[in-house]
Amino acid sequence: MKIVYIISSINRKNSGNGGHYYSLLTTAEALSQNNDVQIINIGTNKSFALDTSKVKIIDIIERKANTLKLIYSLNKCIREISPDIVHAFDEFAFFYSRVVCFIRKVSIVLTKCGGPNPRYYYPYSSHFI
């Protein structure tokens, strides 16, 4: 099974070193033993935590966080990879992934890791962890 994990690192203060990056790494590396797994980091910064990954990482970096460019680039990656499932690991990654998965007709899962509930946008997903 081809699985693509998507995580975001959007804004100047996000160094990509929070706990959910390490949760993603642990999950992706464990599943990569029996599946074809890749991680896509989208946003304004590369992730510090993902530098140690044994799983293939694709960085989609747009310094000004242009929504349309990020969606276009993500769509291109998903088209090339052609995964069976996309697993978004935060609400921003889910926002971009949801659009692309609708276009590509790919199933999507959302994991909302710890921390406070989002203030403005609380995503809805029928496949929610």
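The values are calculated or read from the model by the stated rules, or taken from the named source; none is laboratory data. Everything quoted here is computed from the prediction, not taken from an experiment. In this analysis, Cβ positions are derived from the backbone assuming ideal geometry, glycine residues included, and neighbour counts consider all displayed protein chains. Side chains included, ligands, DNA and RNA excluded: accessible areas come from the protein's heavy atoms. Shrake-Rupley method; radii C 1.70, N 1.55, O 1.52, S 1.80 Å.
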Length added when fully stretched, SER82-ILE58, from 0.36 nm per residue minus Cα-Cα: 7.2 nm
For segment 56-68, Karplus couplings with θ = phi - 60° (6.51, -1.76, 1.60), whole Hz, Gly/Pro x: 4, 10, 10, 9, 10, 10, 10, 3, 9, 6, 6, 4, 5
Phi-based couplings in Hz for segment 87-101 (Karplus 6.51, -1.76, 1.60; Gly and Pro marked x): 10, 7, 10, 6, 5, 6, 4, 5, 4, 6, 5, 4, 5, 5, 5
Radius 9 Å from Cβ of MET1, net charge of other residues (Lys, Arg +1; Asp, Glu -1): -1
Accessible surface, 1.4 Å probe, highest first, among residues PHE95, PHE48, PHE102: PHE102, PHE48, PHE95
Sorted peptide list for 64-75, 79-90, criterion being average Cβ within 10 angstrom, highest first: 79-90, 64-75
Euclidean distance between Cα centres, segment 79-93 to segment 1-74, Å: 10
